[in-house]
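This report refers to the structure that appears directly beneath it.
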Amino acid sequence: MTNDQTIVAPATPNGIGAIGIIRLSGPDAITIANSVFSGKDLAKQASHTIHLGKIVDGGLVLDEVLVSLFIAPRSYTRENVVEISCHGSVYIIESIIKLLIKKGARPAKAGEFTLRAFLNGQLDLSQAEAVADLIASNSKASQQVAFQQLRGGFSSQLQSLRDQLVQFASLIELELDFAEEDVEFANRDQLKKLIGEINGVIGNLIRSFELGNAIKKGVNTVIAGRPNAGKSTLLNALLNEERAIVSHLPGTTRDTIEEVLNINGINFRLIDTAGIREATDAIEQIGVQRTMEKIGQSAILVYLFDANEITIEELNQDIESLQKPGITMLKVANKIDLFEVRKSESPKVRKKKENKSKSGKIFSDKGGPPIPNTKLSDFRLQTSDFGLRTSDFLSISAKEKLHIDELKQHIYNSAIKDKLTGDETLVTNIRHLEALQKTEEALLRVLEGIDIVTSDFLAMDIKLALHYLGEITGAVTTDDLLENIFSKFCIGK
Ligand code: GDP
């Protein structure tokens with residue numbers, strides 16, 4: 001990978017806009033820009049200045065532009081960088097880029113500006129990856145986590161651990177040189193203490209991935225329940241105010257709908273599913289199977305039931321079949337608006353009526369339980385009404401939009417609770433997670449062997465731990481790794 005070429009690409013998205021920005025980076029960036037610019041002599045201008053002029057191709061004026069100059073090393077790539085702001089026409093942008101290529105620049109590959117920033121020491125690898133995350137961020141929380149990583153929170157923490165470990169590695173290497181004499185330069189107790197500390201930090205980072213990943217990608221949240229429980233109505237109620245700003249994601253299966261709901265800065269990917277029921281035919285069975293699969297891939301399950309229609313047996317049966325380890329199930333009774341406010345009846349009266357019921361439905365007496373002296377908007381069913389013992393219970397009316405905000409808060413709490421304080425370092429990248437796990441494994445092997453094995457084995461595992469830690473920040477890289485990371489960037493970044 002050589003940096004002696006000057007690269008060029010549009011920095012603004014393809015399409016018509018008020019302005020378009022073209023970026024040049026490399027040793028000849030200023031010379032090349034100067035050769036097509038009529039205004040001032042750019043070679044004589046100071047860094048971080050902007051100049052008005054025209055881009056001319058021979059005698060033809062292509063556009064009137066503003067040119068920003070960043071002279072090496074005071075630029076994003078640490079090379080000479082020129083940014084040309086022109087009118088945002090696809091034709092003008094293409095024409096200027098073609099002209100710059102004719103004058104000696106070459107088209108930049110995806111992520112090549114950021115790759116150069118990394119190779120020139122402006123950013124470490126995890127910071128470069130944070131640039132991509134920042135561009136892709138679509139919620140307050142994902143923007144903040146990416147920004148924290150870009151500022152280097154993650155890297156500096158790992159770098160200082162790595163530096164300490166490097167010291168031990170060199171002392172143990174020294175022991176290898178004096179193998180005959182059976183000396184110990186690296187104090188084993190100190191090494192144990194250091195590894196304990198490092199694994200503490202690494203353990204926290206590994207554990208942060210679940211939340212970090214949820215913030216970056218959105219928390220999968222399934223709405224499931226029997227047909228007519230009100231799932232689609234609830235989805236609409238949840239998305240009500242948000243609809244204008246949510247993006248519509250195509251569902252991965254044809255019979256589920258996915259929408260994004262933002263609650264307190266976190267994106268929740270809501271998945272409405274085919275109703276669960278006793279499948280009567282093969283096609284329906286596939287739908288139910290897909291629902292179960294979707295539930296398996298989710299962090300939160302909103303189990304919705306029609307409080308007027310369900311029997312205790314059905315309720316317990318549903319809860320039992322839907323409950324999966326690792327998934328938080330919120331039990332939500334719907335259609336409480338159908339319950340009449342009857343001030344006069346006491347619970348005793350209701351009990352009598354209920355006992356007469358043959359249908360098995362919990363609130364078989366149409367109109368539901370009595371609601372003494374309560375406005376409907378303040379009315380809530382209790383877990384005891386259903387014989388449930390759970391804290392994750394709520395009653396709502398999807399149709400009348402009663403207690404929907406309360407449900408949103410419950411959904412948020414199920415995923416985030418008080419886990420997010422704002423300035424913590426969260427791992428959001430699977431590559432980092434894997435490297436951290438391998439580091440931890442290698443260090444555990446060092447700990448296990450510390451009093452038993454010879455220095456050369458210890459040295460091997462310490463080196464391996466250093467290697468994996470280095471992979472995160474880019475202290476250790478291969479061309480394949482870089483290619484893999486930067487090819488996912490957009491052109492011009
Ligand atoms: P799904 O099959 O679970 O998606 O259920 P739908 O959302 O299609 O709703 C089924 C029926 O129940 C529709 O007629 C809705 O208008 C009605 N419904 C949904 N939620 C409520 C509610 O909170 N109160 C009342 N009274 N009706 C509701």
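Okay, here's what the table says:
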{"quantity": "Amide hydrogen neighbours beyond the local backbone of residue 12, cut-off 5 Å, H modeled", "calculated": "21"}
{"quantity": "The stretch 434-488 - Rg (one decimal) and Dmax (whole number), Cα, Å", "calculated": "13.6, 45"}
{"quantity": "Mean projected area in nm² (Cα convex hull; one quarter of hull surface) for the stretch 109-212", "calculated": "9.1"}
{"quantity": "Kirkwood-based shape ratio for the stretch 131-183, expressed as Rg/Rh from alpha carbons", "calculated": "1.42"}
{"quantity": "Cα-Cα over 21 Å, subset of 335/408; 140/438; 417/438", "calculated": "140/438; 417/438"}
{"quantity": "Rounded FRET efficiency, nearest 0.05, which uses the C-beta distance separating residue 44 from residue 441 and R0 of 56 Å", "calculated": "0.45"}
{"quantity": "Accessible area in the full protein assembly, largest first, 1.4 Å probe, for 292, 329", "calculated": "292, 329"}
{"quantity": "Peptides ranked, highest mean first, by Cβ atoms within 10 Å: ranges 483-489, 218-224", "calculated": "218-224, 483-489"}
{"quantity": "Solvent accessible area, Å² - residue 74, 1.4 Å probe, full protein context", "calculated": "140"}
{"quantity": "Convex hull volume of the stretch 393-457 per residue (C-alpha atoms, cubic angstrom)", "calculated": "163"}
{"quantity": "490, 86, ranked by accessible area, largest first (probe 1.4 Å)", "calculated": "490, 86"}
{"quantity": "Gain upon complete extension [residue 5, residue 405; 0.36 nm per residue less C-alpha separation]", "calculated": "138.4 nm"}
{"quantity": "Most to least accessible of 109, 335 (protein chains only, probe 1.4 Å)", "calculated": "109, 335"}
{"quantity": "Within the stretch 61-91: backbone nitrogen closer than 16 Å to the residue 16 label point (7 Å, Cα to C-beta)", "calculated": "87-91"}
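The values are calculated or read from the model by the stated rules, or taken from the named source; none is laboratory data. In this text, all values refer to a predicted model and were calculated from it rather than measured experimentally. Cβ atoms come from the backbone with ideal geometry, glycine included; neighbour counts cover every protein chain shown. The protein model used for the area step is the full one, side chains on, heavy atoms only, and it has no ligands, DNA or RNA in it. Shrake-Rupley method; radii C 1.70, N 1.55, O 1.52, S 1.80 Å.
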